[in-house]
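Engineer: My questions all concern the structure below.
The values are calculated or read from the model by the stated rules, or taken from the named source; none is laboratory data. Note that this is a predicted model, so its numbers are computed, not measured. Note: ideal-geometry Cβ built from the backbone for every residue, glycine included; neighbour counts use all protein chains shown.
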Amino acid sequence: MEQLKEFSLVEMAICTACGTAIGLSAVMMLFFVAISLFSGTTVSAIETFMLG
């Protein structure tokens, strides 16, 4: 029983971490797209983003 509880906790932690990462990525992309649309230079903005 103890191992089972531990495993589910680890599983939940992984799910939370992945969910947070995906959520942050989505927010970053939306934020970035919004800036690109406002500036009107989507292509160069994406290139800048990809190149870092």
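Engineer: Have a look at Val10, Val33, Val27 and point out the one that is modelled with pLDDT of 85 or more, assigned to a helix (DSSP H, G or I) and either touching an Asp or Glu at 6+ places or on another chain (Cβ under 9 Å) or not polar (S, T, N, Q) (or both). Can you show your working first?
Structural biologist: Numbers: Val10 fails: modelled with pLDDT of 85 or more; Val33 fails: modelled with pLDDT of 85 or more.
The match here is Val27.
Engineer: What are the pairs with Cβ atoms under 7 angstrom where one residue, in segment 7-31, is closer than 18 Å to Phe49 by Cα and the other, located anywhere, is of a type in the set (S, T, N, Q)? Sequence gap at least six, or different chains.
Structural biologist: Note: no pairs meet the criteria.
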